[in-house]
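First the structure, in the form of C-alpha cells, and then the observations on it.
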Amino acid sequence: MLTRRAHPSSPHLSFFVIENREQRKTEIIECNAGITSTYRRGLYASVDMPLDADVFQVPSGYNAPQQVHITQGDYDGAAVIVSWVTADEPGSNTVKYGKSKNNLELSAEGHVRQYKYYNYTSGYIHHCVLKNLEPDSTYYYALGENCTVRVFSFKTPPVPGPDVPYTFGLIGDLGQTSDSNITLTHYKANKDAAAILYTGDFSYADDYPNHDNVRWDTWGRFIESSAAYQPWIWSVGNHELDYAPEIGETTPYKPMLNRYPTPYKASGSTEPQYYAVRRGSAHIIAFASYSAYAQYTPQYQWLQAELQKVDRKVTPWLIVIMHAPWYNSYNYHYMDGETQRVLFEAWMVQYKVDVVFSGHVHAYERTHRISNIDYNITNAKCSPVSNNNAPVYITIGDGGNIEGIITNMTEPQPSYSAFREGSFGHAIFDIKNRTHAYYTWHRNQDGNAVAADSMWFTNRYFNPTNDS
Ligand SMILES: [Fe+2]
C-alpha cells in the first residue's frame, strides 16, 4: 500500500510510505513532489471565433494575398519559405524582396497549387523559397500584383554558433477560439521572441462536419499577424491528419501538406512531417508523432542519423518538438506517446537533449530531468528516476482551442512532475549563451511580463548542472 505524507520540514517535499503487509516492513522513498498550481481559470465555453471576426478578415483588394506565413527554408536559416493564398485567380507567384523597404531589388519565383477536400476547393496556394539570405538581417518582401500588393518583413537568424543568443516562442494546439486569440496576442507582446516552435494541432477544422476546410483558411488569416513576420517551425499533430474515409478522404495530412511546407529535404528527411533545422545556437528536431516511427521505418532511420549529426560545439542547445507528450500526468491522452518513449527515450538521454516540447494535452506541465530507460521486461525497473543527462519534458498544448482546457490530473502528482496547471498560455525559451537559457511560461490571464512558471536551463553539453 502506497501513501503520500507531507514532509515535516518543507511544503514542497513529500514522501511515500510503502507498507508491505506480508513482510511487515515499511520503506520510505523521499522525493520532490512538484507543484500543482492552485490557480483556477474561470470556466467558460471554448468556441471558435465567428467567421466574421476581425482576425479572420479577408484583406481588401482584388485577389489580395492572404494567409501569409513563413518558415525556415533550409538547414541553417539562410532561406525562407514564403506561403500565401489568393482567392480569385492564381495571380503572380513572384516574391519581390530586399533589405530596403523602398528597393525590393531581388525576386524569386514560386509555384501555385490547389487541392480539393470532399466538397471544398482551396484557393490558389503559393509557395516560394527565398535563398542565400544574409544572416542577422531584416528583409522586406512584397506579394501580389497591380493595385493589390502587400508588404511584410522578417529577420534572418545569425549564422549558427555556440554563443548566439536567440529567443524562441512555444505555442501548441492553438485553434481559433477567443482564447487562441488571447494566446497569440499575448505572445506577440514579447518583442524578443524571434521564431515559434509549434508543437502541433493547427486549425481544428476536423472538429467541423466534413472537416470544413474553410476553417483552415480562417486559421491562416488568424496567424498571419505573427507568421508573416517570423518563422513558425512546425511539428505535426493528430488534427493535421484529416484522414476521413467516410467521406472519401484517405490521403493523410492533405490540407496541411498543401498549405504548410517544411524544409525536410535539407536534413535528409523523406517526408515533410519530420525534419531538423539549425537556428542560432539551437539544433531543432521536429518529430512526427503520427507518422510511422518503429524500427526500420524512414522516420526511425532519419532520427538516428540526425542525432549523430548534431554538433554541440556549433549548436549547444538540442531541442526536440513533437505533438504527443511522453510524460503527462493529466487524465487525458494518458500514455498516448508511450510507444515512442519506449523506442526513443534512451536516445534522448544518450544525446543529452536539453528539452522536449510537446502539445496534445490542453494544459501545461513541466517535468524534472528524469528517465525511464532501464526496464527490460524482467527487471521490474519501470519507474522514472532522476537523470541529469535526460531532457526536461514540457507539455505546452495550452494554446486555447475549441476542445477546451484540461484540468483533471492524476493524483498524487507523480514525482517526475515539477509543475502543472490547467490554463491556457504560451512559453518563451530564451537562449543566452552556450551555458544558460531562461525559460518562462505565461498564462493568458496575467500581464505580459508575468511568468507563472520559470526555470533557468543549464546546457547539457557545456554546463550540465542539476537545474531542474
Ligand atoms: Fe492533439
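The values are calculated or read from the model by the stated rules, or taken from the named source; none is laboratory data. Here the structure is a predicted model, which means the values were calculated and not measured. Here the Cβ positions follow ideal geometry from the backbone for every residue, glycine too, while neighbour counts run over all protein chains shown. Accessible surface areas use protein heavy atoms only, side chains included; no ligands, DNA or RNA. Shrake-Rupley method; radii C 1.70, N 1.55, O 1.52, S 1.80 Å.
Descriptive notes on the structure:
- Each residue in the range 78-108 was checked for being outside any loop (DSSP other than H, G, I, E, B) and among the hydrophobic types (A, V, I, L, M, F, W, C), and 8 pass.
- Boolean, Glu338 is more than 16 Å from the ligand (Cβ to nearest atom) and closer than 19 Å to Tyr416 by Cα: no
- Residues that are charged (D, E, K, R) and either under 20 Å from Ser468 (Cα atoms) or within 15 Å of the ligand (Cβ to nearest atom) (or both), drawn from the range 310-335: none
- The set of residues in the range 287-332 that are part of a helix (DSSP H, G or I), of a type in the set (A, V, I, L, M, F, W, C) and touching a Phe, Trp or Tyr at 6+ places or on another chain (Cβ under 6 Å) contains only Leu307.
- Qualifying residue in the range 193-200 (condition: closer than 22 Å to Val310 by Cα and of a type in the set (S, T, N, Q)): yes
- Strands (runs of 3 or more DSSP E) (entirely within the range 109-168) containing at least 1 residues that are modelled with pLDDT of 95 or more and loosely packed, with under 15 Cβ neighbours inside 10 Å: 111-113, 138-145, 148-155
- The set of residues in the range 217-241 being within 16 Å of the ligand (Cβ to nearest atom), in contact with a helix residue (DSSP H, G or I) (Cβ under 6 Å, 6 or more places away or on another chain) and either closer than 10 Å to Gln176 by Cβ or of a type in the set (Asp, Glu) (or both) consists of Glu240 alone.
- Subset of the range 184-214 [within 16 Å of the ligand (Cβ to nearest atom) and assigned to a helix (DSSP H, G or I)]: Ala205, Asp206, Asp207, His211
- Meets criteria (open to solvent by 40 Å² or more (accessible area, probe 1.4 Å) and not aliphatic (A, V, I, L, M)) for Ser100: yes
- For the range 232-286, the set of residues classified as assigned to a loop (DSSP other than H, G, I, E, B) and of a type in the set (Val, Ile, Thr) consists of Val236, Thr250, Thr251, Thr262, Thr270, listed by residue number.
- Single residue of Ser291, Ser329, Ser281, Ser267 found to be touching an Asp or Glu at 6+ places or on another chain (Cβ under 9 Å) and either without any contact (Cβ under 8 Å) to a residue 60 or more places away in the chain or surrounded by fewer than 19 Cβ atoms within 10 Å (Cβ to Cβ) (or both): Ser291
- Ile402 vs. criteria aliphatic (A, V, I, L, M), closer than 25 Å to Ala288 by Cβ and either within 16 Å of the ligand (Cβ to nearest atom) or in a strand (DSSP E or B) (or both): yes
- Hits in the range 341-354 - residues which are buried (at least 18 other Cβ atoms within 10 Å of the Cβ) and either within 16 Å of the ligand (Cβ to nearest atom) or assigned to a loop (DSSP other than H, G, I, E, B) (or both): Tyr351, Val353, Asp354
- All positions within the range 352-371 that are touching a helix residue (DSSP H, G or I) at 6+ places or on another chain (Cβ under 7 Å) and not small (Gly, Ala, Ser): Val356
- Within the range 244-259, the presence of a residue that is in contact with a Pro (Cβ under 7 Å, 6 or more places away or on another chain), more than 16 Å from the ligand (Cβ to nearest atom), over 18 Å from Gly200 (Cα atoms) and open to solvent by less than 50 Å² (accessible area, probe 1.4 Å) is excluded.
- Scoring Gln23 on the criteria (1) more than 27 Å from the chain's Cα centre (by Cα); (2) outside any strand (DSSP E or B); (3) modelled with pLDDT of 95 or more leaves a single failure, condition (3).
- Residues (part of a strand (DSSP E or B) and not polar (S, T, N, Q)) located in the range 355-372: Val355, Val356, Phe357, Tyr364, Glu365, Arg366, Ile370
- Of everything in the range 380-414 that is of a type in the set (D, E, K, R) and open to solvent by 20 Å² or more (accessible area, probe 1.4 Å), the residue that is nearest to Met348 (Cα to Cα) is Lys381.
- Within the range 376-404, residues that are farther than 19 Å from Met335 by Cα and polar (S, T, N, Q) sit with their Cβ atoms under 6 Å from residues that are within 15 Å of the ligand (Cβ to nearest atom) and in a loop (DSSP other than H, G, I, E, B), at 6+ positions apart or across chains, in these pairs: Asn401/Asp173; Asn401/Gly175; Asn401/Tyr204.
- Yes/no for Ser423 being touching a Cys at 6+ places or on another chain (Cβ under 9 Å), of a type in the set (Gly, Ala, Ser) and crowded, with 20+ Cβ neighbours inside 10 Å: no
- Leading residue by the ranking (nearest to the ligand (Cβ to nearest atom)) among those in the range 355-369 that are over 21 Å from Ile402 (Cα atoms) and open to solvent by less than 10 Å² (accessible area, probe 1.4 Å): Phe357
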